[in-house]
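Participant: To start, I am sharing the structure in question, which I have written as structure tokens.
The values are calculated or read from the model by the stated rules, or taken from the named source; none is laboratory data. Here the structure is a predicted model, which means the values were calculated and not measured. Note that each Cβ is placed from the backbone with ideal geometry, even for glycine, and that neighbours are counted across all protein chains shown. We work out accessible area using only protein heavy atoms, side chains counted, and drop any ligands, DNA or RNA first. Shrake-Rupley method; radii C 1.70, N 1.55, O 1.52, S 1.80 Å.
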Amino acid sequence: MELTPERLAALPDDAALHPVYLIAGPEMLRVLEAADAVRRQARAQGIGEREVFDADGRDFDWATLEATFNAPSLFSARRLVEVRLPTGKPGKDGAEAIAAFCANPPPDVVLLITAGEWSKAHHGKWTDAISKIGALAIAWAIKPHELAGWVESRLRAKGLRADRDAVQILVERVEGNLLAAAQEIDKLALLADGDTLDAEKMESLVADAARYDVFRLTDAVLGGQGPQVSRMIAGLRAEGEVVAGLMPMVVKELLRTAALARAQARGANLASEMKTQGIWETKQAPFKRALQRHPNPARWDRFAAEASRIDRIAKGRADGDAWVALERLLLAIAEARAVRLLVA
């Protein structure tokens, strides 16, 4: 079964759980919200045990995952097993492990697979196996001409009403950034007082998305502004921000740039690929500069793997100082000579 991420996220808590879910795509907010909905449904239906596997490198042991499928649950009748697959490519062993699960799903396991990269080339026998018994939700990047409809739908879901001009103002302010749009809409839900939002009221309530420090940070990183990156990291840390809260946006931009690097390497039209990725023309320059510094797609895969490690540190699942590791990663992206700062 194939669903949109929004349809999957809108399912009620008592909706029947599928044995397996694959939620993937370049639009990280849509992936995260759909995955959160599956987790919420699992909790609502008494699944209290959750295991997470980061399959973010070629050395991932798929046999360990298969053993987990067959192990008895320790704390509840059913378990949620999550596999994070940043590249969307499980490899031969992973594809076989997932297909085997789908052929005979354990009754006490719900498998949730999330991936940041996706294209038609990712489809294979393992995804077909998932579709037959589970749910497949692909979060394609929202195209510029689709953003107004996405914003309208999100406003309605939050109980807000806005006229066409008001919607267009919000669209222009967020410049294609869904996370910024979602944050603004959440704020509007608190401030609108049930009124229909017109252009004037929207202008007064909506902040410029550039004020979100994490967005300025990623722009500085991609744009190659190393000293500014260090200052912003210090400022965010001093203001009490947490690394775990910054990582979704950092990972999103890394995955988007990795996809662009692969497109560039195979000779594809970069401008067309950026449009497909939902990168507006006014936002393309930093990505182009980043690709000039690091044209090799393997370099971006390394950056993404390091981001995954930092996320684990930030969540207490690995040793290290998350802030130090994050600064080193971002400086390595901003300045090619700083790649030596990364852990080998």
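Participant: So how many residues does region 287-334 have that are over 21 Å from Phe60 (Cβ atoms) and in contact (Cβ under 8 Å) with a residue 12 or more places away in the chain?
Facilitator: Result for region 287-334: 19.
Participant: Residue check: is Gly194 outside any helix (DSSP H, G or I) and either open to solvent by 30 Å² or more (accessible area, probe 1.4 Å) or of a type in the set (D, E, K, R) (or both)?
Facilitator: Considered against the rule, which asks whether it is outside any helix (DSSP H, G or I) and either open to solvent by 30 Å² or more (accessible area, probe 1.4 Å) or of a type in the set (D, E, K, R) (or both), Gly194 comes out as yes.
Participant: So how many residues does region 119-142 have that are open to solvent by less than 20 Å² (accessible area, probe 1.4 Å) and among the polar types (S, T, N, Q)?
Facilitator: The total comes to 1.
Participant: If we scan region 42-61, do we find a residue that is in contact with a Pro (Cβ under 6 Å, 6 or more places away or on another chain) and modelled with pLDDT of 85 or more?
Facilitator: There is no residue in region 42-61 that is in contact with a Pro (Cβ under 6 Å, 6 or more places away or on another chain) and modelled with pLDDT of 85 or more.
Participant: Let me ask you something else. Going through Arg317, Arg289, Arg340 one at a time, which residue ends up being outside any loop (DSSP other than H, G, I, E, B), at pLDDT below 90 and of a type outside the set (Val, Ile, Thr)?
Facilitator: On inspection, the qualifying residue turns out to be Arg340.
Participant: Any residue that is part of a helix (DSSP H, G or I), over 22 Å from Arg43 (Cα atoms) and of a type in the set (A, V, I, L, M, F, W, C) - is there at least one of those in region 106-118?
Facilitator: No, that holds for no residue.
Participant: Could you grab me the full set of residues in region 222-232 that are more than 18 Å from the chain's Cα centre (by Cα) and surrounded by 22 or more Cβ atoms within 10 Å (Cβ to Cβ)?
Facilitator: Answer for region 222-232, where residues must be more than 18 Å from the chain's Cα centre (by Cα) and surrounded by 22 or more Cβ atoms within 10 Å (Cβ to Cβ): just Val229.
Participant: Would region 321-331 turn up any residue that is aliphatic (A, V, I, L, M), modelled with pLDDT under 90 and assigned to a helix (DSSP H, G or I)?
Facilitator: No, every residue in region 321-331 fails to be aliphatic (A, V, I, L, M), modelled with pLDDT under 90 and assigned to a helix (DSSP H, G or I).
Participant: Within region 313-329, count every residue that is crowded, with 18+ Cβ neighbours inside 10 Å and either closer than 11 Å to Val243 by Cα or among the small types (Gly, Ala, Ser) (or both).
Facilitator: Going through region 313-329 one residue at a time, the tally reaches 7.
Participant: Continuing with the same structure: Just a yes or no: is a residue in region 150-160 polar (S, T, N, Q), open to solvent by 20 Å² or more (accessible area, probe 1.4 Å) and assigned to a loop (DSSP other than H, G, I, E, B)?
Facilitator: Looking for residues that are polar (S, T, N, Q), open to solvent by 20 Å² or more (accessible area, probe 1.4 Å) and assigned to a loop (DSSP other than H, G, I, E, B), one finds none in region 150-160, hence no.
Per-residue answers, yes or no, for (1) open to solvent by 10 Å² or more (accessible area, probe 1.4 Å); (2) assigned to a helix (DSSP H, G or I):
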site: Glu241; (1), (2): yes, no
site: Leu246; (1), (2): no, yes
site: Val250; (1), (2): no, yes
site: Ala304; (1), (2): yes, yes
site: Asp311; (1), (2): yes, yes
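Participant: May I pose another question? What about Ala189, is it modelled with pLDDT under 85 and buried (at least 21 other Cβ atoms within 10 Å of the Cβ)?
Facilitator: Here the answer is no, as Ala189 does not meet what is asked.
Participant: I've got another one for you. Which of the numbered conditions does Gly176 fail, given that it passes all the others? Conditions: (1) in a helix (DSSP H, G or I); (2) in contact (Cβ under 8 Å) with a residue 40 or more places away in the chain.
Facilitator: Going through the list (1) in a helix (DSSP H, G or I); (2) in contact (Cβ under 8 Å) with a residue 40 or more places away in the chain, Gly176 breaks only (1).
Participant: Just give me the residues in region 119-142 being of a type in the set (A, V, I, L, M) and assigned to a helix (DSSP H, G or I), in sequence order.
Facilitator: Within region 119-142, Ala121, Ala129, Ile130, Ile133 qualify.
Participant: Would it be correct to say that Leu342 is under 13 Å from Val221 (Cβ atoms) and open to solvent by less than 50 Å² (accessible area, probe 1.4 Å)?
Facilitator: It is false that Leu342 is under 13 Å from Val221 (Cβ atoms) and open to solvent by less than 50 Å² (accessible area, probe 1.4 Å).
Participant: Let me ask something else. Return the pair list, or none, for Cβ contacts closer than 8 Å from residues in region 213-230 that are farther than 18 Å from Ala304 by Cα to residues that are open to solvent by 30 Å² or more (accessible area, probe 1.4 Å) and small (Gly, Ala, Ser), at least 6 apart or on different chains.
Facilitator: That search, which allows pairs on different chains as well, returns Arg216/Ala210.
Participant: Within region 1-54, take every residue that is in a loop (DSSP other than H, G, I, E, B) and of a type in the set (A, V, I, L, M) and give me the one that is farthest from Phe69 (Cα to Cα).
Facilitator: Ala10
Participant: A further question follows. Here is a list: Asp128, Asp193, Asp165, Asp186. Which entry is at positive phi and of a type outside the set (Gly, Ala, Ser)?
Facilitator: Asp193
Participant: Which one is least open to solvent (accessible area, probe 1.4 Å) among residues in region 1-51 that are of a type in the set (D, E, K, R) and more than 16 Å from Val81 (Cα to Cα)?
Facilitator: Filtering region 1-51 for residues that are of a type in the set (D, E, K, R) and more than 16 Å from Val81 (Cα to Cα), the one least open to solvent (accessible area, probe 1.4 Å) comes out as Glu27.
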